[in-house]
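The values are calculated or read from the model by the stated rules, or taken from the named source; none is laboratory data. Note that the structure is predicted; figures quoted are calculated from it, not measured. Cβ placement follows ideal geometry from the backbone for every residue including glycine, while neighbour counts extend to all protein chains displayed. Heavy atoms of the whole protein, side chains included, go into the accessibility calculation; ligands, DNA and RNA do not. Shrake-Rupley method; radii C 1.70, N 1.55, O 1.52, S 1.80 Å.
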Amino acid sequence: MNGLMLVARREITTQVRTKGFVIGLLITALLVAAVSFAPKVLGGDDSYTLGTVNSQQLPLQAAAPDTTFEWRAFPDEGAATQAVLDGDVDAVLVNGSKVLTDGKIDDELGVLLQSVNREVKLGAAGVSIPPLQMQSVGADTRYESARAGIAVVLVLVLFMLIMGQVMMVAMGVVEEKGSRIVEILLSTVRPWQLLGGKILGLGTLGLINLVTILVVGLGSAMASGIATDFPPGIPGLVAAVLVWFVLGYAFFAALAAAFGSLVSRQEEVGSVLTPLTMLVMITYFVAFYATNDATGTLATVVSYIPPFSSMVMPVRMAATEVPLWQVGASMAAMVLAVLAVLAFGAKIYERAVLRTGARLKLGDVLRTK
Amino acid sequence: MLEINELRKRFAGGPGAPAAKIALDGISFAVRPGEMFGFVGANGAGKTTTMRIVMGVLQADSGSVTLRGAPLSPDDRRRFGYMPEERGLYQKMRVAEQIEYFGRLHGMSATAVTKATDDLLEQLGLTERKNDAVQALSLGNQQRVQLAVALVHDPELLILDEPFSGLDPIAVDALATVLQERCRGGVPVIFSSHQLELVERLCDSVGIVSAGRMVAEGAVADLRAAERNELRVVVRNPAPGWADGLPGTVTVDGDRHTLRATGGDDQEILRRAVKAGRVEHFGAEQPSLTEIFKEAVA
Ligand SMILES: Nc1ncnc2c1ncn2[C@@H]1O[C@H](COP(=O)(O)OP(=O)(O)OP(=O)(O)O)[C@@H](O)[C@H]1O
Ligand SMILES: [Mg+2]
């Protein structure tokens, strides 16, 4: 196994073994599951229990296919009233002419009962009314709210994971520099192997996190049934999100390693990383703005500009349909940027990581050979 | 044979140290296979800088380091064992795991590294601590781990920057034994130290650096021979003026007169002393390495 892989493996095993990593992963999974079930729990009731006293059941199912109805027959109005008051049934139809409820009836149920009742009565009188044909002349907006929701969640996940892993890269670099262990390491492995291994290892951990989130999220969405509201093309979106995470993480991690290598103490990591954290935040804010206006000019233009594209393009892809060539072009630009930043980061790192002591200036490091 | 040729290194002034500083001023020396080489010199003389350049963690401004006549490559260095002056270990990693990790980085297989680690832990008396995190160890024990990290891959050459500092006498002996064993196996060992008696006891050769240059180099015995040996004669209760006309100086302590002389006819001095009184001591004084050192860097 070569140096790079050994370094990456150490990063992974060290982290995976910490309590923090395992607990963090569990909490993330629980949170994601909770978020996926929340609309189901908090959202309106879409199953009703109805009663009849001396009445025919109304064909509600045909009018509202997504809702489930359960019917119960009651011998007389007294028993029915008691059941309504006990909350056993939502409403009871009495003699085909009256509905008993506890307080004001649920709007949706009320409208449904009235219109189906009217239809049944008219039908009995020989009048049949063809249902109105619905036709959208605008864009397909059926999935609009689902898409927007997915985009918001995605960009938040990307932001948190990238930020978290990037900080770990910087802290790891400073740990090795500050403890001087880098001196022995660099007498056995090349700087690019040490840096590359660290970025690779911590990136893999980030991917493990991301995959967990996606699997738990999609799994619970399917289990809770809200997945039926999802737009088509989810597998493609998931694949794209994985790629965008890798690209965005690689970009910011290379910069984090370069900035981190300028200082020798953990206390200085925060301040030396400020420009970078600002950049990640700006990327996040732009992407968050884009969730509201995914088809706007700003979102469209910025989705091609690295590193903003790493979060804005996934937002666009989630929120609207983006032609494949646009995704390809944006990814290509990002790949080039990542390569450039990796080369730059490796150069800074190589020059700075053995110069312990006071905080170095980026300019000085660039000037000295 | 490892050869260090005319290394020069100048540190530019920075925020912490405004003036530029010449750390190495053309230092040269060679270490032969199976040789234990003691690297001594005052603080700031340039020992650490030289070792860092040999290990490739610092670039020289000019000069070269060659192994068997060819410039050192990264692959050569991977087969070296290095203990830096500023110790560095992963504090949270376990002792055995850490040693194994470095063994793997040096290209060892997983099985070979496990065995080598166990053997080393045994030799260095760390077997019981193998599963402890490094940060739970005392400084001296951390230093033993550091040494194990330098030794695990059966290095071709050892470069140790002050390996004995901070060790108790028993650990010093244990480390000395380990180094002598490696040395007998043909591995050249270069180590720096300020404990000159230790260097004198262990080393085949010493190099004395001063202000970035090698001011004396060779076997301790040769360095001694190069010094003008001093004759010391102690005479009890001699006749006054007994040493008149002899070279050297006389110091008097009660009835004991001590003559120290370099050069001159020692037989003549002996005759005069015997005539003057009771001769308690007559002999050439071997300078200690400490004296040679002080002389050389003066
Ligand atoms: N990174 C650096 N920046 C500036 N000057 C340095 C640097 N490293 C070493 N020096 C200077 O180079 C000179 C040689 O230092 P070096 O550490 O090699 O000495 P040494 O012989 O190992 O001393 P000691 O016995 O104290 O360990 C010193 O004057 C030191 O101040
Ligand atoms: Mg030193």
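Take the alpha carbon atoms of the stretch A:193-261, find their center, do the same for the stretch B:219-250, and report the distance between the two centers in whole angstrom. The distance from the Cα centre of the stretch A:193-261 to that of the stretch B:219-250 comes to 82 Å.
For a straight C-alpha distance cut-off of 25 angstrom, the lysines reachable from A:LYS361 (same-chain residues fewer than eight places away being disregarded) are A:LYS177, A:LYS198, A:LYS347, A:LYS369, B:LYS9, B:LYS21. Counting, for every residue in B:87-96, the Cβ atoms of other protein chains within 10 Å of its Cβ and taking the mean gives 4.
Evaluating 6.51 cos²θ - 1.76 cosθ + 1.60 at θ = phi - 60° for every residue in the stretch B:257-270, the Karplus couplings come out as 10, 10, 9, 10, 9, 10, x, x, 8, 5, 5, 5, 4, 4 Hz, glycine and proline recorded as x. The candidates A:TRP71, A:TRP325, arranged from most to least accessible area with a 1.4 Å probe in the full protein assembly, appear as A:TRP325, A:TRP71. Beta bridges per DSSP, both residues in chain A: antiparallel share near 25 percent. Here B:HIS281 sits with roughly 60 square angstrom of accessible surface, probe radius 1.4 Å.
Quote the charge dipole size of the stretch B:44-180 about the Cα centre in Debye, to the nearest 20; the model charges only the Cβ of Lys and Arg (+1) and of Asp and Glu (-1). Mind showing how you got there, number by number?
Details: 14 positive and 18 negative charges, 60 e Å.
Dipole magnitude for the stretch B:44-180 comes out near 300 debye.
Measuring from a point 7 Å past the Cα of A:ALA79 along Cα-to-C-beta, which residues in the stretch A:90-124 have an amide N at less than 17 Å? Output list for this probe position: A:90-96, A:100.
Estimated from the Cβ-Cβ distance and a Förster radius of 56 angstrom, the FRET efficiency linking A:ARG359 and B:ALA219 is about 0.75. Taking a straight line from the alpha carbon of B:LYS115, these lysines sit under 17 Å away, with near neighbours fewer than eight places off in the same chain left out: B:LYS130.
Counting, for every residue in B:72-81, the Cβ atoms of other protein chains within 10 Å of its Cβ and taking the mean gives 2. Most tightly packed first, judged by the mean number of other beta-carbon atoms within 10 Å of their residues, the peptides A:330-336, A:94-100 read A:330-336, A:94-100. Note on chain A: with charges restricted to the Cβ of Lys and Arg (+1) and Asp and Glu (-1), its dipole about the Cα centre is near 2560 debye. Tell me whether the stretch B:164-216 comes out rounded, prolate or oblate; compute the Cα gyration tensor, take square roots of the eigenvalues as a ≥ b ≥ c, and use a/c under 1.5 as the rounded threshold. Oblate is the answer for the stretch B:164-216, as a/c is 1.5 or above yet b/c matches or exceeds a/b. The HN-Hα couplings worked out from phi for the stretch A:67-76 by the Karplus form 6.51 cos²θ - 1.76 cosθ + 1.60 (θ = phi - 60°) are 9, 9, 10, 10, 10, 9, 9, 10, x, 8 Hz, whole numbers, x standing for Gly and Pro. Counting only heavy atoms of the protein chains and using a 1.4 Å probe, B:SER62 has close to 50 Å² of accessible surface.
Per residue of A:182-194, other chain Cβ atoms within 10 Å of the residue Cβ number 6 on average. For chain A, the longest principal axis of the C-alpha atoms and the axis of helix A:234-260 are separated by about 30°. Here the simple spin-label model places points 7 Å from the Cα toward Cβ, and for A:LYS98 and B:SER109 these points are separated by 9.2 nm.
Select from B:ASP244, B:ASP266, B:ASP61 the residue whose mean-square fluctuation is largest in a Gaussian network model of chain B (Cα-Cα springs shorter than 10 Å). Among B:ASP244, B:ASP266, B:ASP61, the largest GNM mean-square fluctuation belongs to B:ASP244.
Apolar share of the accessible surface for chain B: 48 percent from carbon plus sulfur atoms, 1.4 Å probe.
What the phi angles of the stretch B:217-222 give under the Karplus curve with 6.51, -1.76 and 1.60, with θ = phi - 60°, is a coupling list of 8, x, 5, 4, 4, 5 Hz, glycine and proline written as x. Comparing B:PRO240, B:PRO33, B:PRO155 in a Gaussian network model of chain B (Cα springs below 10 Å), the most mobile by mean-square fluctuation is B:PRO240. With a 1.4 Å probe, what is the total accessible area buried between chains B and A, in Å² rounded to the nearest 100? Counting protein atoms only, the buried area is about 2200 Å².
Highest mean first, the peptides A:186-194, A:230-238 sorted by other C-beta atoms within 10 Å per residue fall in the order A:186-194, A:230-238. Rounded to the nearest 500, the 222 nm mean residue ellipticity of chain A from helices alone is -22500 deg cm²/dmol, with -39,500 (n - 2.57) taken per DSSP H run of at least 4 residues. Amide H contacts for B:MET36 (H built 1.01 Å from N in the peptide plane; partners 5 or more residues away or on another chain; cut-off under 5 Å): B:VAL189, B:ASP204, B:SER205.
Which residues in the stretch A:201-242 have a backbone N closer than 14 Å to a point placed 7 Å from the Cα of A:SER47 along the Cα-to-Cβ line? Only A:224-226 pass the distance filter. In plain terms, the bigger the Kirkwood radius, the slower the diffusion; for the protein assembly as shown, with that radius from Cα pairs, at 37 °C and 0.692 mPa s, Stokes-Einstein puts D at 103 µm²/s.
Of the whole protein surface, B:ASP265 contributes about 80 Å² of accessible area at a 1.4 Å probe radius. The residue among A:ALA8, A:GLY248, A:THR68 whose Cα reaches farthest toward the positive pole of the charge dipole of chain A, with charges on the beta-carbon of Lys, Arg, Asp and Glu, is A:ALA8. A Förster distance of 30 Å, applied to the separation of the beta-carbon atoms of B:ALA42 and B:GLN180, puts the FRET efficiency at 0.65. Solvent exposure of chain A amounts to 51 Å² per residue of accessible area, where only protein heavy atoms count and the probe is 1.4 Å. Placing a label point 7 Å from the Cα of B:ARG32 along the Cα-to-Cβ direction, the residues of the stretch B:207-225 whose backbone N falls under 20 Å of that point are B:207-208, B:215-225.
A helix-only calculation puts chain B at -10000 deg cm²/dmol for mean residue ellipticity at 222 nm, using -39500 (n - 2.57) for each DSSP H run of at least four residues, averaged over all residues. Note on chain B: GNM, Cα springs under 10 Å; of B:GLU162, B:GLU97, B:GLU268, the largest mean-square fluctuation is that of B:GLU268.
Overall, the protein assembly as shown carries a charge dipole of about 1880 debye about its Cα centre when +1 sits on the Cβ of Lys and Arg and -1 on the Cβ of Asp and Glu, all other atoms neutral. Extending 7 Å from the Cα toward the beta-carbon at both B:ALA12 and B:ALA284 defines two label points whose distance is 5.3 nm. Here the accessible area of chain A is 65 percent carbon and sulfur, with a 1.4 angstrom probe and all protein chains present. So for chain B, taking the charge dipole from beta-carbon charges (+1 Lys/Arg, -1 Asp/Glu), which of B:ALA133, B:ALA171, B:LEU259 sits furthest toward the positive end? The residue sitting most towards the positive pole is B:ALA133. Using all pairs of distinct alpha-carbon atoms, the Kirkwood hydrodynamic radius of chain B works out to 21.9 angstrom.
Relative to the dominant Cα principal axis of chain A, helix A:324-352 is inclined by about 30°.
Label sites at B:ASP168 and A:ARG367, each approximated as a point 7 angstrom past Cα along Cα to Cβ, lie 5.2 nm apart. Relative to the dominant Cα principal axis of chain A, helix A:3-17 is inclined by about 50°.
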